[in-house]
Amino acid sequence: MDNVDEHDSDDMQAEAGLSSDGAPRFRNKKSVAWDLDKCKPQLVKGVIQRPSTEVWKDFIPLYAEGERKVMAAECVSCHKRLNANRNTRYLNQHNQTCPARGRTIINQDELSSVLANVEVQISEHGGKFLKCSSGGRTRVGRRISASPTTKETGPEDQNKSPAQTGHSISRKFDQEASCQELTKMIILHGHPLSIVEHEEMRSFAKSLNPEFDMASSTDVEEYSSILFQKLKADLHQKIAVSSHRVSLSASLFSHGSKASVKYLCLSVHFVDSDWKLERRIIKFGVFQSSTTNLDRMIHLKEARVLDCEGGPFNLIWKAIRDWGLDQKLLSLTSVGDIRSNEQFSKLKDFLNQRKCLPIGGALYNIVCVDDVLNSIVSEEQPLLHLVGDILEKFIQAHMSSSLSQHQLIEVMTNMSLRCPQEDAKLWHKICFGLEVLLHFKKAFPSEELLSAKDIKTVESVCNILRVFYHVFDVLCGPVCPTANVYFNELWIIRTTLEEEASTDHTELASMVLEMQEAFNKYWQNSYVWLSAPAVLDPRFKFSFIEFRLKQAFGTNAAKYVSIIRDTIWELFLEYCTAVDEPRVDRSNCDSGGVKVGGLYKHSLKDWDEHVSAQTRGQVLTELDKYLDDCLLPRKDDFDVLNWWMDNSTKYPTLSIMARDILAIPASAVHCQAALSNEGLVVHKQWCKLNIKMIEALVCIRDWIK
């Protein structure tokens with residue numbers, strides 16, 4: 001683009017029929033080859049293009065049709081159009097005399113506290129003006145409402161004139177919206193509700209916007225309660241229109257390792273209408289309390305009456321009714337402390353009596369996998385003490401000199417493993433230490449570390465613990481995996497223990513054998529629910545299960561495969577019935593105005609049963625067809641939910657069943673808590689609140705993060 005000439009020429013201005021300030025005097029003169037009103041700005045990707053001269057920051061350049069040079073200019077303040085065909089001196093003159101600009105001088109320094117925290121558009125003419133969308137000005141003496149914008153300023157926005165972008169600062173201040181955003185921030189980051197009453201917080205808020213009236217902690221509680229009810233209603237609706245059935249997981253929270261109060265946290269797992277796996281907390285209540293502190297008892301009195309009387313039974317059943325899940329349940333995964341509760345053991349029978357569970361609850365009572373794995377490598381495990389002594393010798397030997405310390409630091413820096421937390425499980429800390437030792441041996445092979453026997457022991461134990469950590473990371477990770485991955489991940493543990501049990505090291509072999517027996521007990525009780533999702537993975541199906549179970553059970557494998565096959569067919573039959581029932585019910589509707597009622601209203605019942613049986617037989621071919629189809633090539637980035645979504649028309653009933661089964665969780669807690677001695681922890685700042693408020697805060701935090 002050509003830059004505008006700045007040579008002054010009043011004669012040329014007169015020729016064009018312009019006054020001294022550049023405004024047209026003789027708009028209709030034939031000597032004027034172009035009309036100012038018909039000139040338009042030049043846009044590139046929606047952004048006005050300007051010459052580089054400083055004055056153009058306050059004007060929009062305009063072009064006549066067919067012309068490449070700037071022919072006119074529009075003031076962004078008063079929107080007056082001026083001639084710019086020959087020179088720009090009068091543009092500077094207009095800046096000094098513009099009536100709109102003359103009313104708007106603001107002290108920019110006084111606005112710095114606002115501008116540092118919100119996105120506003122500032123005139124670049126001397127850095128003195130705040131432009132508004134109306135083209136007017138606001139003096140500093142008046143209150144200025146400024147709200148944070150949701151869109152960041154990009155490179156293109158920076159080229160836009162204040163006239164184009166000024167709308168971003170003229171939005172009306174909303175006290176309620178600001179308080180709601182403040183409440184979300186407090187909840188999301190676990191701040192104490194009383195933070196709004198801190199003098200520093202109030203001063204900070206006033207510096208951002210004097211109009212903002214800081215909420216009290218009571219106000220924050222009220223906003224939280226309202227937000228909780230709104231988000232709960234939204235989630236309730238989402239669950240209702242999503243999966244046919246859902247799975248639940250029950251874990252325990254506390255407010256410290258020696259806490260006197262434990263909370264039960266119930267989460268729902270389902271695949272939503274977009275075929276995305278969801279995990280959301282739906283209930284948070286007091287599981288047990290042994291407190292003797294009078295103040296704490298007062299805070300918990302409501303919860304102790306409502307929640308603790310029946311233990312987990314009452315809490316879970318109440319949540320099931322509250323969320324309308326009594327006819328939508330598929331499975332429940334729970335941690336050991338909940339499973340061992342006497343009342344909890346009665347819940348399955350209670351749900352079966354009310355016909356809440358499919359196939360008699362065969363997939364209902366699932367042991368939390370991290371509980372099992374942590375128990376196998378608990379602190380009492382002799383294997384940990386064996387390598388712990390070896391590791392201690394290594395550390396002492398290589399911390400005696402600064403050179404060795406630097407070598408250790410270098411090794412740890414180059415490792416990709418995350419360092420365990422301070423309260424991590426003993427086995428996790430030992431696993432990390434063994435990895436450091438083996439990396440050190442590889443980096444400095446000339447160093448005399450340990451005896452050959454000790455090195456072999458370290459390698460074997462590290463191999464076992466490494467696999468355990470990998471499985472924790474996959475099954476308990478921040479992103480919930482689909483259930484089809486569980487079988488193979490746990491199979492890795494089984495084969496690793498089997499390999500290490502055959503070592504020549506008699507003492508080590510004995511310890512590994514003990515671990516192997518504990519794992520096999522879990523495998524024996526869990527192979528059915530672990531296998532069902534794998535069958536619904538089109539890369540594996542029954543062929544994979546038969547292949548693996550022959551390795552696990554040898555000649556007895558056929559019995560186990562038969563149990564899995566019968567379970568899947570029985571479950572599929574229930575899904576067929578559930579899908580078919582509405583269709584059969586509709587067949588009883590009026591037909592041709594003829595009604596069948598009174599004593600003879602059941603006269604067509606046998607016909608309904610006949611139609612239902614025929615329909616069910618046709619639907620059953622879905623499963624046969626799926627199992628008979630060729631296996632898909634195995635790819636690591638395969639998305640099983642996406643595949644079932646794409647094939648839901650081909651397998652309408654089976655896809656519904658797959659959707660529900662693939663959402664079954666293996667764990668009730670995430671990896672970080674599973675590897676910690678402290679477990680899941682409620683923010684200490686919230687512990688003195690009423691249990692209903694704690695529930696609202698915990699749920700909101702889970703729903704908005």
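The values are calculated or read from the model by the stated rules, or taken from the named source; none is laboratory data. Treat the numbers as computed from the prediction; the structure is a model and nothing was measured. Using ideal geometry, Cβ is built from the backbone for each residue, glycine included, and neighbour counts are taken over all protein chains shown. Remember, those area values only see protein heavy atoms, side chains included, never the ligands or the DNA or RNA. Shrake-Rupley method; radii C 1.70, N 1.55, O 1.52, S 1.80 Å.
Residue 520 is checked against (1) open to solvent by 20 Å² or more (accessible area, probe 1.4 Å); (2) not in a helix (DSSP H, G or I) and fails just one. What number does that condition carry?
(2)
Out of everything in segment 523-540 that is touching a strand residue (DSSP E or B) at 6+ places or on another chain (Cβ under 9 Å) and open to solvent by less than 20 Å² (accessible area, probe 1.4 Å), what residue ends up being farthest from residue 367 (Cα to Cα)?
The qualifying residue farthest from residue 367 (Cα to Cα) is 529.
Would you please name the residue that is farthest from residue 246 (Cα to Cα), looking only at residues in segment 331-374 that are modelled with pLDDT under 90 and of a type in the set (Ser, Thr, Tyr)?
340
Just to verify a result, which residue in segment 416-431, among those that are free of Cβ contacts under 8 Å to residues at least 40 places away in the same chain and among the hydrophobic types (A, V, I, L, M, F, W, C), is least open to solvent (accessible area, probe 1.4 Å)?
431
Any chance segment 5-21 includes a residue that's more than 24 Å from residue 100 (Cα to Cα), open to solvent by 90 Å² or more (accessible area, probe 1.4 Å) and at pLDDT 75 or above?
no
Could you tell me which residue of segment 93-103 is farthest from residue 70 (Cα to Cα), considering only residues that are surrounded by 15 or more Cβ atoms within 10 Å (Cβ to Cβ) and modelled with pLDDT of 75 or more? If you could, list the steps in order and put the result at the bottom.
First, the residues of segment 93-103 that are surrounded by 15 or more Cβ atoms within 10 Å (Cβ to Cβ): 94-95, 98, 100-101.
So of that shortlist, the ones also modelled with pLDDT of 75 or more come out as 94-95, 98.
Values: 94: 17, 95: 18, 98: 21 Å.
Here the answer is 98.
Listed here are the residues, each with its yes/no results for (1) small (Gly, Ala, Ser); (2) open to solvent by 100 Å² or more (accessible area, probe 1.4 Å); (3) touching a residue at least 40 places away in the same chain (Cβ under 8 Å).
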residue: 371; (1), (2), (3): no, no, no
residue: 381; (1), (2), (3): no, no, yes
residue: 387; (1), (2), (3): no, no, yes
residue: 404; (1), (2), (3): yes, no, no
residue: 414; (1), (2), (3): no, yes, no
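Return the only residue of 475, 508 being closer than 30 Å to residue 275 by Cα, in contact (Cβ under 8 Å) with a residue 40 or more places away in the chain, touching a Ser or Thr at 6+ places or on another chain (Cβ under 7 Å) and aliphatic (A, V, I, L, M).
475
Sort out for me the helices (runs of 4 or more DSSP H) sitting completely within segment 548-650 that have 1 or more residues that are modelled with pLDDT under 95.
Passing ranges, in order: 557-586, 605-628.
Pairs please, first residue from segment 66-82 and in contact (Cβ under 8 Å) with a residue 24 or more places away in the chain and at negative phi, second anywhere and open to solvent by 80 Å² or more (accessible area, probe 1.4 Å) and not acidic (Asp, Glu), Cβ atoms under 7 Å, 6+ apart in sequence or on different chains.
78/99
Within segment 75-84, identify whether any single residue is surrounded by 23 or more Cβ atoms within 10 Å (Cβ to Cβ) and within 17 Å of residue 44 (Cα to Cα), and answer yes or no.
Scanning segment 75-84, I find no residue that is surrounded by 23 or more Cβ atoms within 10 Å (Cβ to Cβ) and within 17 Å of residue 44 (Cα to Cα), so the answer is no.
On the basis of being of a type outside the set (Asp, Glu) and either at pLDDT 90 or above or open to solvent by less than 10 Å² (accessible area, probe 1.4 Å) (or both), does residue 480 make the cut?
No; evaluated as a whole, the condition is false for this residue.
Could you check segment 209-226 and list, in sequence order, the residues that are closer than 19 Å to residue 194 by Cβ, open to solvent by less than 30 Å² (accessible area, probe 1.4 Å) and in contact (Cβ under 8 Å) with a residue 60 or more places away in the chain?
Matches in segment 209-226: 224 only.
Taking residue 358, is it closer than 30 Å to residue 576 by Cα and either touching a Leu at 6+ places or on another chain (Cβ under 8 Å) or surrounded by fewer than 21 Cβ atoms within 10 Å (Cβ to Cβ) (or both)?
yes
Modelled with pLDDT under 90, hydrophobic (A, V, I, L, M, F, W, C), under 30 Å from residue 452 (Cβ atoms) and open to solvent by 10 Å² or more (accessible area, probe 1.4 Å): is that true of residue 509 in this structure?
yes
Just give me the residues in segment 483-497 being in contact with a helix residue (DSSP H, G or I) (Cβ under 7 Å, 6 or more places away or on another chain) and either charged (D, E, K, R) or surrounded by fewer than 16 Cβ atoms within 10 Å (Cβ to Cβ) (or both), in sequence order.
489, 492, 494
For (1) open to solvent by 50 Å² or more (accessible area, probe 1.4 Å); (2) over 23 Å from residue 380 (Cβ atoms), each residue gets a yes or a no:
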{"site": "399", "(1), (2)": "yes, yes"}
{"site": "433", "(1), (2)": "no, no"}
{"site": "436", "(1), (2)": "no, yes"}
{"site": "441", "(1), (2)": "yes, yes"}
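Only one of (1) at pLDDT 90 or above; (2) of a type in the set (D, E, K, R); (3) out of contact with any Cys (no Cβ under 6 Å at 6 or more places or on another chain) is not met by residue 301, so which one is it?
Checking residue 301 against (1) at pLDDT 90 or above; (2) of a type in the set (D, E, K, R); (3) out of contact with any Cys (no Cβ under 6 Å at 6 or more places or on another chain), the one that fails is (1).
Looking at segment 42-67, which of the residues that are touching a helix residue (DSSP H, G or I) at 6+ places or on another chain (Cβ under 8 Å) and in a loop (DSSP other than H, G, I, E, B) is farthest from residue 90 (Cα to Cα)?
Within segment 42-67, the match that is farthest from residue 90 (Cα to Cα) is 45.
Looking at (1) within 18 Å of the chain's Cα centre (by Cα); (2) farther than 30 Å from residue 337 by Cα; (3) open to solvent by less than 10 Å² (accessible area, probe 1.4 Å), which is the one condition that is false for residue 273?
(3)
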